[in-house]
Structure formats: C-alpha cells, structure tokens
Amino acid sequence: MKLNEPFCVPAACLLSIESALSSRLSPAMLSLHPLHQHAPSVLSIRPKASLPFCPLRHSITFNNQAAIFSPRRRRELYVRALDAAQPFDYESKLAAAHFHSSQHLKIAIIGFGNFGQFLATTLVRQGHTVLAHSRSDYSDAAKSLGVSFFSNPHDLCEEHPEVILLCTSVISIEWVLSSLPLQRLKRSTLFVDVLSVKEFPRDILLELLPADFDVICSHPMFGPQSARHNWKGRAFVYEKVRIGNEESRISRCEKFLDIFAREGCRMVEMCCEEHDKHAAGSQFITHTVGRVLELFNLESTAINTKGYEALLDLVENTAEDSFDLYYALFMYNKSALEMLERLDLAFEALRNELFDRLHNVVRKQLFEKVQNSQDSYTWPQNGAALSSSALVVRSQDNAQPYEYKGQISDRFDDNLKLKIAIVGFGNFGQFLAKTIVCQGHTVLAYSRSDYSDIAKKLGVSYFSDADDLCEEHPEVILLCTSILSTEKVLKSLPLQRLKRSTLFVDVLSVKEFPRSLFLQNLPPYFDVLCTHPMFGPESGKNGWNGLSFVYDRVRVGSQESRVSRCDRFLDIFAREGCRMVEMSCAEHDQHAAGSQFITHTMGRVLEKLGLESTPINTKGYETLLSLVENTAGDSFDLYYGLFMYNVNAMEQLERLDHSFESLKKQLFGRLHGVLRKQLFENAEKLQISWER
Ligand code: NAP
C-alpha cells in the first residue's frame, strides 16, 4: 500500500486498528458511539503524502470522502465530537486549571484574511497565544505577527485552543464550520464569530456545533481602516448565545470579552436579531456608497472640505473590505434590495429636480428673448444700470462728490476694525456675521428678505434699502448671495453711493464666475477679493480652526491703506485658525467645484433616504450621517449653483450614475451566477432521478 493512498477500514475493526497505531493516537478519535444513528460503515485513514507516517497527522475520511464534511454529514460529526473528547478529560482538567490561573487565552483564528490578521495583532499584543488556519497559505504573514499558522485544521484543533474565533467570510461560514474536525477539540471549546450579520451565523453555529460547545456571536463595529490607530470608543456588539454555567466557562467568556473592553471598546450586549435590525441596513448603505465612490475614483485635493474628506474617509474605510463582505451584506440582509432601489430612486429624484429646473431656466430664457426683442430698452427704476458699460460710467460720475470724504476716512484705515456690509443675509451671511461681530468689526446687512430681527440679535445694523446701506460707506461689501442671484444683486447695487475705494469680496462656492462678474461690472477703482471659506454653518459650527479659507487678491490697489484693508479682512479668518490658502480662482474651480458637487450630490441623495442613527453606528455610517447633516442645511439654490456653474457637473453626474450602475451589475451578476448554478444543479439532480 502506498502511503498517500487511503485505506479503508470496516467500522467493526476499529479497535484493533487503533491499538496497532501509535498509542498517542486516541482511540476515541476513531470510535463510534453506540447511540450514533447514522454511523458510516467504513472509515478510511489517509496519511499525509509529504510526511512520514504519523498517526497524529492523519486525516479521517468517511467512505473515501475527505473529512471536509459537507453540511449533509453534520449529524455524524455531531455525535463523534461529543464522544471523541472523553479520553482527554484528564488532559482537559489540567488545561482548565492552567486556564484559571492565567489571564491569557489560547485563541485559534479560522479565516486569516484581512480582518483575522487585524484582530490577531491586538490579541498577540495582549499576550494571548494565537494560532491560525485559513484556506490560503498565510504562514509568512502569521510569522511576522507572532501567530502559529496551521495549513491543516486537524493539526490546529489538536492544539486544543480554548477559543475558536471564526473570521471567515459570511458566505463561507457554513462550509468552513462543517469542514472543521470538531472531534479533535476539547468539548468545552468556546466558539466566537465576528461576522457582520448576526442571525445567520448564530443559526449555523447552533445547528452545526455539538451542544456542549460554548457560543458567542459578536460583531466588532470597526475594521482595519476605521480603527487602525486604536479601538477606543468603537462599539463591540455581542450576544452570549450559549455559555455553560460552570465557573471556568463563564470566566473564559469574560476573559474573551475583556480583550475588547480593555482596548476601550464600547461593549454593547445585544441579541442577534436586534443587531441585524440596526446594523445590517446601515452597513449595507455605507458600503454601497463607499463602493460607488470608489468606482467613481475620488481624489484628494489641496482644499478638501470637511464633507469631501468624509467621502474620502468612507472610500478608504470600505475599499479595503472584500467584495465577498459587501455581497454578504446584500444577500443576508432582507431589506438590502429594497434599500438599493430606494437609493436608485433617490438619485433619480435628485437628477429630475436638477433637470426640471434647468429646463425651466432655458424655457424662461427662450420666452424672455422673444419678449425683449419686442420691448425697447429702458433704464431701470432705481437708477442701477443693466449693462456693465453703462454701470461703469454712472457709478464713476456719481461717486465724484464723495471723493473728499472718502480720502478722510482712508486715514482711519489703519484702525484694525472694519465696517463690513454683508449683502445677502441668508444662512451663510448670518453665519459669517456672528464671528465678524465677535471680533469687534461693525457689521451692516442688506438682503432681499427682511432679516431685521435676526440682525438685531446678532448685533448687526440691518438695511432694507440698498441706497441707505451704501450711504453708510462700508469699507467692505461682502457678497453672500446665492450663486444664481449674484449677478442680479450686483447689478442692482447703487455703486455710485459707495466710496470709490470700496473693497468687494465674495464667498461664492465657485470662483471663476464671480471673478469675471466683478471685473466686468465693477468700476476699476473698486478693489476685488474673491474668497471661498471651505466650510459652512454645520461643518464650522464648533469653530473654524484648521478649516481651509481660499482667496485670490484679484485686484487690490497698491496704496498702503488698500493693501492693509485687504489684509485686515483676511485676518478675520486667519485669527480664527483657518488654513489660509492663496490660490487663483481657476485653480480653485479645478480642485473644488467637482469635489463639492459630488459631496453635495451624495449628501442630498442620502437625505432622501431618511437615514437614522442607531445605537451601534459604525464610523462609516456616522460619516454618512454627518454628510447628510453637513449638506442638508444648505439651500437647493446652493446645490443648483454648483451644478450650473461647474462645467464638469453634468459629466460628473453621469459618471456617478455609471458607477452606481456598475456596482449593481456586479451584485446582480453574482446573484445571477449563484441562481444559475442552483438551477443547473437541480436540473442535473432531476435528470439523475429520472434516469433511475
Ligand atoms: P444660498 O441659497 O446660496 O444663498 C442665500 C442668499 O442668497 C440669501 O441671502 C438670499 O437672500 C440671497 N438670494 C437668493 N436668491 C436671491 C434673489 N433672487 N435676489 C436676491 N437675493 C437672493 O445659501 P447660503 O448658504 O446662504 O450661501 C450664500 C453664499 O455663500 C453662496 O454663494 C454659497 O455658494 C456661499 N457659501 C456657502 C457655504 C455654506 O456652507 N452654506 C460655504 C461657503 C460659501 P434672502 O435670504 O434675503 O432671500
């Protein structure tokens, strides 16, 4: 007989064979319990080809099939494992005594991929003995982590780990568990899984494991990316599904849980059903968005907003996870398909909103063109000019009487305080006013709507009349109007009432557009500073420290007073700790306009889904929630402005759509593959039964 050929043994002859084998081979490993209902009639023992014949290294096969037990063989496995461990009682008692005295556990990780290795690092650091087994060969990775790697699960189980930590993919768990030679483990072994869904593995563990194995179902709500620095504050969800009431078992369970508690995890005891209700949905959405954005190929820019950084983080957090993990969240979450559909609908609805509005604008323009060609040209009622050339002349003319006064007040420019008029006192205008007032500047405001009450509360003087405002001679006109209305508002301002040296600043989220608007419509003696605070009322609610402020001194006169006024204005942001980024408007638009549009689009799509916080949010899901919070407060005008004034917006919308479509294709392609396989297998089975 060749060593690597299996030899078959009738079950009845087992005892004699056992004694013929090494005395180190436990007879119980091969014995059959009398109560065993479906005992295989024949056992075979296959020596390892490459190794000298050693009983401890033999794998057992039933009826010439490898002992990688199929789920169909569960019952046989069940009884054998119960029976098999008995002769180890003495050994296990000794080990138990040792276990009590030691704080450390012997933990075998099954499935040594991404997550298994991530957990191993901390387990080893805490001083536990870590063993590992996986489908692929990770011996090098294991060695570098201080883990003993076993390619053969029999060898691993014979090491009698106290804990089996299942870190396999959701879709492979049943197969992996069925293939473990459970009979080689101590009967009291604790099984723990870390799968991202919980009801499914709990049912499998209860079905496949002998009744005297302990079971904890757990889900660390973090991963190698989201918790790469530490696990502090991260939720660790667990359910003690079945823990024997012996003290040693209870204490082992606590020791295991303590691994996470001592790393600072937020320990959440929660039943598997509740976990799935909270987590499966939120996780699926988080991973879907992360994957769509990964396919979209987001890139970091020099001036990321907080929202955009959140998107980049999300991609980083989810991109490292295997597609298997994502697919499992889809397959083992009852509402995943519905969520995918809702996401699709939300995206569709947002696109429709944009296109409807676009359509209205174009239609209106077409009709206005016809109307205008019929009307004769008339001067506007309030004296503001319609065309830029007319404006330049009118404001030059009218400004002359104020020249002297203007020169006098120039002397006060050395004063650190500025008189700033905010034009457009909506969401963002009010947000800026708070800080500017706090710094001691004089703030005036003017807007289309009446904000006098709000202004009063903020310490701002409110003007309902633009002429009155301009007659106050503010040193800075700060335009905080919507992107869409800026042209109209600028053209309606009685510029002639301002001092000729006035500094015009805008804060629009796009930059080339207001720059050319200013240059075309403002007389040359006005200074122009184009800026973009890369934050808003939500992302900057706890201060502006570290947030980017982009600016371009488009046109600032060389007089010292003008230079100093511009610097004093910029200093408002610098002294709040902003990261001051001097950058041309063109460069800004290149970097920011695209990333902002995508951030706002994602925020608005997710807002339509009505996401809700759960007691066990992952970091990724929190990112999504804060993205919604960051963008939901912004007006649709702002979003529409980003769409209209970003040349690439349409292409980006299409690319996003394409990324979403290809992700769906990946999911459904795999689903189709599985179904097709099942259909063909069923057809084959039917064929065989017919032939019989
Ligand atoms: P927004 O919707 O972009 O702008 C609202 C402002 O525009 C209000 O003051 C509003 O005046 C005025 N406005 C809108 N339509 C008008 C019209 N037809 N005629 C006259 N005025 C009109 O929202 P926002 O958040 O306040 O943003 C203001 C500017 O700041 C925008 O250009 C935006 O790009 C920029 N920005 C915003 C953020 C942010 O996070 N929100 C960050 C950086 C830069 P009334 O309220 O009086 O109607």
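Odds and ends about this structure:
- Packing around the peptides 636-646, 548-558, taken as the average count of other Cβ atoms within 10 Å per residue, puts them in this order, highest first: 636-646, 548-558.
- For the range 649-664, Karplus couplings with θ = phi - 60° (6.51, -1.76, 1.60), whole Hz, Gly/Pro x: 4, 4, 5, 5, 4, 5, 5, 5, 4, 4, 4, 5, 4, 5, 5, 4
- With the simple model of a label 7 Å out from the Cα in the direction of the Cβ, GLU368 to ARG342 spans 4.0 nm.
- Hits among lysines - C-alpha to C-alpha of LYS364 under 26 Å, sequence gap 8 or more where chains match: LYS488, LYS491, LYS511
- By the Cα gyration tensor, the range 222-286 has an equivalent ellipsoid whose semi-axes, rounded to whole angstrom, run 24, 18, 7 from largest to smallest.
- Cα centroid separation - the range 122-149 against the range 497-566, whole Å: 58 Å
- Computed from the C-beta positions of GLU661 and TYR525 and an R0 of 45 Å, the FRET efficiency is 0.25 to the nearest 0.05.
- Protection proxy ranking of 176-185, 654-663, by the mean of other Cβ atoms within 10 Å over each peptide's residues and highest first, is 176-185, 654-663.
- Beta bridges by DSSP in the range 522-667, antiparallel share as percent, to the nearest 5: 55 percent
- Rg/Rh ratio calculated on Cα atoms of the range 523-667 (Kirkwood radius): 1.06
- For GLU294 and SER449, the difference between the fully extended length at 0.36 nm per residue and the C-alpha to C-alpha distance is 51.6 nm.
- Net length available on complete extension from SER635 to ILE243 is 135.7 nm, with 0.36 nm assigned per residue and the Cα-Cα distance removed.
- A simple spin-label model places the labels of GLU622 and THR121 1.9 nm from each other, with each point 7 Å out along Cα-to-Cβ.
- Of LYS106/LYS143; LYS277/LYS665; LYS277/LYS334; LYS434/LYS457; LYS334/LYS664; LYS106/LYS255, pairs whose Cα-Cα distance is over 19 Å: LYS277/LYS665
- Peptides 312-322, 358-368 ranked from most to least packed give 312-322, 358-368, packing being the mean of other C-beta atoms within 10 angstrom over each peptide's residues.
- Taking MET267, MET339 and ordering them by how much accessible surface each has at a 1.4 Å probe, largest first, produces MET267, MET339.
- Accessible area per residue was computed with a 1.4 Å probe on protein heavy atoms; CYS438 scores about 120 Å².
- Under the simplified labelling scheme, the ARG262-ARG575 pair shows an inter-label distance of 5.1 nm, with each label point 7 Å from Cα along Cα→Cβ.
- 3J(HN,Hα) along the range 158-166: 5, 6, 6, x, 7, 10, 9, 9, 7 Hz, from the Karplus curve 6.51 cos²θ - 1.76 cosθ + 1.60 with θ = phi - 60°, whole Hz, x for Gly and Pro.
- The VAL563 and LYS417 beta-carbon pair, evaluated with R₀ = 25 Å, returns a calculated FRET efficiency of approximately 0.90.
- Cut-off 13 Å between beta-carbons: net charge of the residues surrounding ALA586, Lys and Arg +1, Asp and Glu -1: -2
- ³J(HN,Hα) computed for each position of the range 218-228 - Karplus, 6.51 cos²θ - 1.76 cosθ + 1.60, integer Hz, glycine/proline x: 9, 8, x, 7, 7, x, x, 8, 5, 10, 5
- Among the protein heavy atoms, those of HIS672 account for about 100 Å² of accessible surface (1.4 Å probe, every chain in place).
- Computed over the range 104-217, the ratio Rg/Rh where both radii use C-alpha atoms and Rh is Kirkwood: 0.93
- At R0 = 51 Å, FRET efficiency that the Cβ-Cβ distance of ASN360 and ASP313 yields, to 0.05: 0.90
- Cα gyration tensor shape for the range 181-241, rounded if a/c is under 1.5, else prolate or oblate: prolate
The values are calculated or read from the model by the stated rules, or taken from the named source; none is laboratory data. Please read these numbers as outputs of a predicted model, since none were measured by experiment. Virtual Cβ from ideal backbone geometry, glycine too; neighbours counted across all protein chains shown. For accessibility, only protein heavy atoms count, side chains too; no ligands or nucleic acids. Shrake-Rupley method; radii C 1.70, N 1.55, O 1.52, S 1.80 Å.
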